[in-house]
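J.: Supplied in structure tokens, the structure appears directly below.
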């Protein structure tokens, strides 16, 4: 599936871009299914919002139980001062997560039959389990920023094995909030761990960050069209492109203030041989075991 140059790029940079991985007809099928799931979904009174802002992050029960569910999370800017949606539900959802790859036949087909296993094998990842997935909408005008982070912060294993497989369902551009990544940044330390506290009633929040290393993550660009202040590079890619991300690689995506959405599907896998601590926020019940990629 991958050339020698692509494998070398992954080892060197911590990420690799694979154009034309998913045919557009399959991108469109996944997009249509995601829209069907949103249309059929009825939010609870909690109206759970997804944000990566550590100061306002709230990990409620809906979020912590979504590792075994297909749940929709709202954009941070989806609501007005009165607490009501400022536009229709279909244009207010940040993402769907986090077990649709095992619960929905269309998502299953993409994860288990679209060649991801071959890509992982080419990178030496031969025993990967499909842990978590997200369908990301990056809505026009209100699509939220995803702060610079390392995936191993949120999906930790010992040793660190988490690997991200990110598929552009629509074109990702500077204007609509494409991914940015720091070449070679995967050789740096893991900065934080995101752990669950739930269900301790004394905790106002269900999760906490543990600081491991004070090495700063790279700064995001102050201007995506003149990114002189950052060590990260933009990954502008066409629909159907796969980007594979090492679990220690710092990456970021900015807000979407354009009139165009930036749909993507992201899957995170871990090694079957690694230890997955019980304090990880995402936990699966025994009746929904992880499956090999």
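J.: Taking the residues in region 205-228 that are in a loop (DSSP other than H, G, I, E, B) and touching a helix residue (DSSP H, G or I) at 6+ places or on another chain (Cβ under 8 Å) as candidates, determine which candidate is farthest from residue 257 (Cα to Cα).
T.: Keep residues of region 205-228 that are in a loop (DSSP other than H, G, I, E, B), which gives 205-206, 212-228.
Next, only the ones that are touching a helix residue (DSSP H, G or I) at 6+ places or on another chain (Cβ under 8 Å) stay: 206, 218.
On the way: 206: 31, 218: 22 Å.
Top of the filtered list is 206.
J.: While we're here: Could you grab me the full set of residues in region 116-141 that are part of a loop (DSSP other than H, G, I, E, B) and modelled with pLDDT of 95 or more?
T.: Correct list: 123, 124, 125, 127, 137, 138, 139, 140, 141.
J.: All but one of (1) closer than 24 Å to residue 9 by Cβ; (2) touching a residue at least 60 places away in the same chain (Cβ under 8 Å); (3) not in a strand (DSSP E or B) hold for residue 180; which doesn't?
T.: If we test residue 180 against (1) closer than 24 Å to residue 9 by Cβ; (2) touching a residue at least 60 places away in the same chain (Cβ under 8 Å); (3) not in a strand (DSSP E or B), just (3) comes out false.
J.: Restricting to region 12-43, count the residues that are surrounded by fewer than 13 Cβ atoms within 10 Å (Cβ to Cβ) and without any contact (Cβ under 8 Å) to a residue 60 or more places away in the chain.
T.: Count: 6.
J.: Would you check if residue 158 is surrounded by fewer than 19 Cβ atoms within 10 Å (Cβ to Cβ) and touching a strand residue (DSSP E or B) at 6+ places or on another chain (Cβ under 8 Å)? Give the steps one after another, and end with the answer.
T.: Details: surrounded by fewer than 19 Cβ atoms within 10 Å (Cβ to Cβ): yes; touching a strand residue (DSSP E or B) at 6+ places or on another chain (Cβ under 8 Å): yes.
The answer is yes for residue 158.
J.: Please work out which one of (1) surrounded by fewer than 21 Cβ atoms within 10 Å (Cβ to Cβ); (2) closer than 21 Å to residue 90 by Cβ; (3) under 13 Å from the mean Cα position of the chain (by Cα) is the condition residue 168 fails and give its number.
T.: So the condition that residue 168 fails would be (1).
J.: Can you name every residue in region 229-246 that is assigned to a loop (DSSP other than H, G, I, E, B) and over 14 Å from residue 217 (Cα atoms)?
T.: Matches in region 229-246: 236, 238, 239, 240, 241.
J.: Being modelled with pLDDT under 90, part of a strand (DSSP E or B) and in contact with a strand residue (DSSP E or B) (Cβ under 6 Å, 6 or more places away or on another chain), is that true of even one residue in region 38-58?
T.: Yes, region 38-58 contains at least one residue that is modelled with pLDDT under 90, part of a strand (DSSP E or B) and in contact with a strand residue (DSSP E or B) (Cβ under 6 Å, 6 or more places away or on another chain).
The values are calculated or read from the model by the stated rules, or taken from the named source; none is laboratory data. Small disclaimer: the values here were computed from a predicted structure and weren't measured. Note that we place each Cβ from the backbone using ideal geometry, even for glycine, and neighbour counts take in every protein chain shown.
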